[in-house]
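Student: I'd like to ask some things about the structure below.
The values are calculated or read from the model by the stated rules, or taken from the named source; none is laboratory data. These numbers were taken from a predicted model, which means no experiment stands behind them. Note that we place each Cβ from the backbone using ideal geometry, even for glycine, and neighbour counts take in every protein chain shown.
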């Protein structure tokens, strides 16, 4: 670095490889695309994408991971999440061309039926932007995909259905009473008064009451995931596939950590919920590779319903990661590989409680930890009892840290809210969570000091 030339301190951008020369695989055809300094022809590129797709899916198909890979047989149906973006459309085409047609490149694998039935689920987000007509037209374009893939069955749902108890019970959900919460208190106590609004009004009021734009995007993603898992359970599916590419997965991981969800890094990549394995078969395929596959395959990509008016943490992370993927793709791959090595610290003596909102595990001792590190209003309860636990009649006791922050982060927008802070909750939050102790007595941080160091004390004489 030179003081006279500050520009010399910048990282030198790697030179672009010209898309010429022979293919690295077949050694005969002319290259058409460069992927991480390797040149592929069009035919070898398709084989390369299918190979990575099968590697990301087939090890998780059989219920017994030790069973023979040559005999793939799922224990239930298959549900595929279709958002309209390139990833989900490319995933649908790969599933159909690999396992559901007689011209499958898998060879004899196509003779056996891995899943009895394949469903695709589309969640309509028109209630998020009721003034935009293109949101309504997207559903019609999604329905047109049925003509290209006649072997699959399509299911449509609306995002406001998370507040519709009739829809919940008609699709196999338990018949539960609706509940509401008071946002005035950071512990989020349950309210006895229930707002009898229609699902659209409850959904829009829920979003408008959230403190930040980041909370809005996080809640939308949470509702979509809840609908997908619920419908996958209703269709008796054993697998739920999402078209998340390597680039989008990196965005999700960084976004999860930035919102305090480091304990859920593993669930962001792979998880099992209600006996349904959620898989992202394109997690090793970059957005560039997915785009070329969709283009060369002639796929009709309707376009994803992405919020464009919100500038939260996720949108900023997305802009940064996609810019990084354009010039330094190996760095984006390093994000997912590093997060795959992260293991959440937990007590082996306690079964993790499930968050009522996102249904992911809650870190033990999180309630006392939040009251110890968070800057809140001065409370006599905290002064009298430093090992504070939220009341059992409050929702905050049954939420993980990211969900609690989503609902209770104080800022200027919170002070501008209306005096009516009673908010209806999604239908599934009324279900009883998995029973377990919230605060571990064996945790030296949350337990009283004499009890925590008891095993290290000498016996009294």
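Residue-by-condition table, conditions (1) free of Cβ contacts under 8 Å to residues at least 24 places away in the same chain; (2) surrounded by fewer than 20 Cβ atoms within 10 Å (Cβ to Cβ); (3) more than 24 Å from residue 337 (Cα to Cα):
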| site | (1), (2), (3) |
| --- | --- |
| 198 | yes, yes, yes |
| 214 | no, no, yes |
| 239 | no, no, no |
| 246 | no, no, no |
| 281 | no, no, no |
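Student: If you go through the stretch 264-285 one residue at a time, how many are within 24 Å of residue 404 (Cβ to Cβ) and touching a helix residue (DSSP H, G or I) at 6+ places or on another chain (Cβ under 7 Å)?
Tutor: 6
Student: Can you find even one residue in the stretch 248-271 that is crowded, with 20+ Cβ neighbours inside 10 Å and closer than 17 Å to residue 82 by Cα?
Tutor: Scanning the stretch 248-271 turns up at least one residue that is crowded, with 20+ Cβ neighbours inside 10 Å and closer than 17 Å to residue 82 by Cα.
Student: Being within 14 Å of the chain's Cα centre (by Cα) and either closer than 23 Å to residue 338 by Cβ or outside any helix (DSSP H, G or I) (or both) is the requirement here; does residue 250 meet it?
Tutor: yes
Student: Got at least one residue in the stretch 167-186 being modelled with pLDDT of 90 or more, touching a helix residue (DSSP H, G or I) at 6+ places or on another chain (Cβ under 8 Å) and assigned to a loop (DSSP other than H, G, I, E, B)?
Tutor: The answer is yes, given that some residue of the stretch 167-186 is modelled with pLDDT of 90 or more, touching a helix residue (DSSP H, G or I) at 6+ places or on another chain (Cβ under 8 Å) and assigned to a loop (DSSP other than H, G, I, E, B).
Student: Something else now. Which ranges mark the helices (runs of 4 or more DSSP H) fully within the stretch 286-400 that have 2 or more residues being modelled with pLDDT under 90 and out of contact with any helix residue (DSSP H, G or I) (no Cβ under 9 Å at 6 or more places or on another chain)?
Tutor: Because the criterion is at least 2 residues that are modelled with pLDDT under 90 and out of contact with any helix residue (DSSP H, G or I) (no Cβ under 9 Å at 6 or more places or on another chain), the helices (runs of 4 or more DSSP H) in the stretch 286-400 that meet it are 313-327, 366-373, 380-384.
Student: Please give the number of the condition residue 328 fails out of (1) within 16 Å of the chain's Cα centre (by Cα); (2) surrounded by fewer than 16 Cβ atoms within 10 Å (Cβ to Cβ); (3) in contact (Cβ under 8 Å) with a residue 24 or more places away in the chain.
Tutor: (1) is the only condition that residue 328 fails.
Student: Next question, about the same structure. Which of the numbered conditions does residue 59 fail, given that it passes all the others? Conditions: (1) at pLDDT 95 or above; (2) in a helix (DSSP H, G or I).
Tutor: It fails just one condition, (1).
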